[in-house]
Each structure stands twice: as C-alpha cells, then as structure tokens.
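Participant: Below is one structure. I have some questions about it.
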Amino acid sequence: MNKLINQSIAILVPCYNEELTVAAIVRDFNACLPQAVVYVFDNNSKDATVRLALDAGAVVRNVPLQGKGNVIRRMFADVDADIYIMVDGDNTYDASVAPRLAEKLVDEGLDMVVGTRVSTEQEAYRFGHRFGNRLLTGSVAAVFGNTFTDMLSGYRVFSRRYAKSFAAHSAGFETETELTVHALELRMPVAEVETIYRSRPEGSVSKLNTYRDGIRILWTIIKLFKTEKPLAFFSLAFFAFMLAALGFAAPLLQTYLATGLVPRLPTAILSVALSLFGVISLNCGLILDTVTKGRIEQKRFAYLAISGPRVKHA
C-alpha cells in the first residue's frame with residue numbers, strides 16, 4: 001500500500017439500475033483504498049442508484065447516452081488520475097483485490113491489469129457465459145495474439161496513458177473487446193490476476209443478454225479484424241473469391257482443352273468477375289495495411305506522450 005500513497009486513484013463504477021449493490025461497492029472500495037475517489041457513472045437508472053451512491057460517499061456523474069461503452073468513454077474523458085480501477089456495479093467482484101491489482105500495475109510498469117474471474121458458484125458464472133467467453137477470447141487470441149484468458153472481465157486497472165489514448169468507439173458490452181484489442185494493438189505491457197467472482201445478490205438482475213450481446217461482441221471482433229488487420233482480412237476475401245472462380249472455371253477449361261469451345265459463356269463471365277473481385281480485395285488490403293500502420297504509429301506517439309506508471313516518492 002505504501003507504493004500507492006502518492007498515486008491519485010480513481011474507482012470507476014458504471015451503473016444502470018444497481019440500487020441493491022452500489023452502496024456496498026462504494027463502501028468496500030473506500031475501505032480498501034481510502035485515498036481513492038469513487039466515481040459512479042449512472043447510465044439513466046430508473047431506481048435509487050444515484051441517491052444511494054451519493055449517500056455512500058461517491059462522486060456521481062450522469063451519462064445520458066445509453067450503453068456501457070458510452071459510459072467508459074465519458075469515464076476516461078472526464079476523470080484525471082494516475083491509476084484507474086474500473087469495476088462493474090453489480091458487486092460480483094472482490095474489492096479487497098484492488099490494492100494488489102494497482103500495486104502490480106505500478107511495480108511492473110504495466111498499462112492494464114485484468115481481474116480474471118474465478119468462481120465455484122454456478123449462478124455467478126453460468127456455463128453459457130463461460131463458453132461464450134472462451135470462444136470470444138479464443139477468437140481475439142487467434143487474430144491479435146494470445147495474451148488474455150478472460151477478455152470479458154469487468155474488473156480492470158488502467159494506467160493514465162492507457163485511459164487517455166483509448167478512443168472508445170463501442171457503445172455497449174462489446175467495449176471489453178475493444179479495451180483488450182487496444183492493448184494488444186499497441187503491444188502494451190499487461191497482466192492478469194485471479195480474483196473471486198461472486199453471484200449477484202438476490203433481486204439483482206444482469207443486464208447482459210448472452211446471445212444478443214455475444215453476437216454483438218463477435219461482430220465487433222470481425223470489425224476490429226478488418227480495421228486493425230486489413231491485409232489479413234482482405235487476403236481471406238481474395239482467396240475465397242479466387243477459389244470460387246477456379247471452381248467455376250475448371251470444367252470450362254477442361255471443355256476448352258478438349259473441344260476448343262467455351263459453351264457456357266455466363267459461367268465464364270462469372271469466373272472472370274470473381275477473379276476481379278479477388279484482385280480488388282487484395283489491392284484494398286495492401287492499401288489499407290499501409291494506412292493502418294501509419295494510424296497505429298500516430299496512436300503509439302499519443303500513448304508515449306504520457307508518462308507510464310511508476311512509484312512516486314514523497
């Protein structure tokens with residue numbers, strides 16, 4: 001804890017209708033990190049979330065644009081701190097681990113530490129959520145590199161330079177994917193720490209829809225693949241078009257070699273069109289790859305313009 005004394009720490013809690021849990025979260029984090037400021041960012045709650053957060057001693061900010069991604073965008077824009085600790089407002093994460101996560105960030109000069117969920121409670125971490133998380137985490141690992149085992153955790157610690165270099169394009173729960181890819185894209189130093197994941201208290205309802213949000217996250221991965229790895233993405237399109245073109249052209253070529261005739265002219269035209277689409281896709285990938293490298297360099301310069309986490313002495 002001595003290493004955190006001179007660090008400004010912000011606890012960021014995105015909330016939507018969390019009146020059953022928000023006061024406990026504020027109290028727990030105030031007890032574990034008394035020097036930190038707890039910010040509750042309310043996202044149009046219809047219950048007593050705001051009042052209870054204020055009564056517990058939190059600083060409350062309102063975000064009218066609905067969606068967790070929109071809330072995180074405001075969090076990073078509005079709050080200035082050396083260390084940002086983001087935790088979901090459902091009281092499923094262990095506040096006592098926060099000092100250890102923050103100390104690891106400072107000790108090792110990291111930009112993000114993810115609290116990897118460990119739970120023996122079936123209700124806390126249902127099979128569908130576990131399977132979906134593994135599938136989506138594996139998809140990101142295949143495209144961007146295998147660094148994380150729990151990409152969708154809502155318990156994370158960030159450095160200032162991470163927070164101020166994160167563009168935050170996502171609107172909803174797919175924001176965790178974007179948070180992960182941002183770190184992988186810029187090759188930031190990151191780590192994971194296991195933390196207990198509890199079930200929600202009775203009467204509290206999850207805002208996550210397994211299938212709808214899972215599809216949105218998968219679609220976000222595909223879009224990020226296209227944006228951040230355009231040559232690989234459009235090369236796949238190139239090979240798909242060329243394989244289709246060859247499939248249509250093969251029998252025509254056999255007939256032409258045997259008779260000297262091309263009896264199915266529409267099929268021949270289709271084959272040529274598919275080949276052209278493939279070449280255009282490859283050219284798009286080559287051009288966008290150059291553009292993407294320049295854009296990543298600019299993001300890297302913006303990231304490096306802010307000093308990284310370090311131990312501060314009095």
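The values are calculated or read from the model by the stated rules, or taken from the named source; none is laboratory data. Since the model is a prediction, treat every value here as computed from it, not as a measurement. Backbone-built Cβ (ideal geometry, glycine too); neighbour counts: all protein chains shown. Protein only, heavy atoms only, side chains kept; ligands, DNA and RNA dropped before computing areas. Shrake-Rupley method; radii C 1.70, N 1.55, O 1.52, S 1.80 Å.
Condition check ((1) under 30 Å from His169 (Cα atoms); (2) of a type in the set (Val, Ile, Thr); (3) open to solvent by 90 Å² or more (accessible area, probe 1.4 Å)) across all residues:
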| position | (1), (2), (3) |
| --- | --- |
| Phe225 | yes, no, no |
| Ala232 | yes, no, no |
| Thr255 | no, yes, no |
| Phe277 | yes, no, yes |
| Leu282 | yes, no, no |
| Asp289 | yes, no, no |
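Participant: Any idea which residue in segment 136-150 is farthest from Ile221 (Cα to Cα), counting only those that are open to solvent by 20 Å² or more (accessible area, probe 1.4 Å) and out of contact with any helix residue (DSSP H, G or I) (no Cβ under 8 Å at 6 or more places or on another chain)?
Facilitator: Among them, the one singled out is Asn146.
Participant: Name the single residue, out of those in segment 52-63 being in a helix (DSSP H, G or I) and in contact (Cβ under 8 Å) with a residue 12 or more places away in the chain, that is least open to solvent (accessible area, probe 1.4 Å).
Facilitator: Ala53
Participant: Look at Thr21 and say whether it is touching a Ser or Thr at 6+ places or on another chain (Cβ under 8 Å) and of a type in the set (Ser, Thr, Tyr).
Facilitator: yes
Participant: Also: Taking interchain pairs and intrachain pairs at least six residues apart, which have beta carbon atoms under 6 angstrom, with the first residue in segment 164-189 and farther than 17 Å from Val143 by Cβ and the second part of a loop (DSSP other than H, G, I, E, B) and small (Gly, Ala, Ser)?
Facilitator: What qualifies is Ala171/Gly67; Gly172/Gly67.
Participant: Could you tell me which numbered condition Gly109 fails, if it satisfies all but one of (1) open to solvent by 10 Å² or more (accessible area, probe 1.4 Å); (2) modelled with pLDDT of 95 or more?
Facilitator: (2)
Participant: Can you give me the number of residues within segment 141-163 that are touching a residue at least 24 places away in the same chain (Cβ under 8 Å), assigned to a helix (DSSP H, G or I) and of a type in the set (A, V, I, L, M, F, W, C)?
Facilitator: 3
Participant: For segment 77-88, give me each residue that is in contact with a helix residue (DSSP H, G or I) (Cβ under 6 Å, 6 or more places away or on another chain) and either surrounded by fewer than 21 Cβ atoms within 10 Å (Cβ to Cβ) or assigned to a loop (DSSP other than H, G, I, E, B) (or both).
Facilitator: Within segment 77-88, Asp82 is the sole residue that qualifies.
Participant: Filter segment 13-50 for residues that are open to solvent by less than 40 Å² (accessible area, probe 1.4 Å), in contact (Cβ under 8 Å) with a residue 40 or more places away in the chain and not in a helix (DSSP H, G or I) and give the result.
Facilitator: Result: Val13, Pro14, Cys15, Glu18, Thr21, Leu33, Ala36, Tyr39, Val40.
Participant: Considering only residues that are more than 11 Å from the chain's Cα centre (by Cα) and open to solvent by less than 10 Å² (accessible area, probe 1.4 Å), look in segment 162-192 and name the one that is farthest from Asp111 (Cα to Cα).
Facilitator: Leu186
For every residue, the table says whether it meets (1) among the acidic types (Asp, Glu); (2) under 30 Å from Tyr84 (Cα atoms); (3) touching a strand residue (DSSP E or B) at 6+ places or on another chain (Cβ under 6 Å).
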site: Glu176; (1), (2), (3): yes, yes, no
site: Arg216; (1), (2), (3): no, yes, no
site: Thr227; (1), (2), (3): no, yes, no
site: Ala240; (1), (2), (3): no, no, no
site: Leu243; (1), (2), (3): no, no, no
site: Leu252; (1), (2), (3): no, no, no
site: Val279; (1), (2), (3): no, no, no
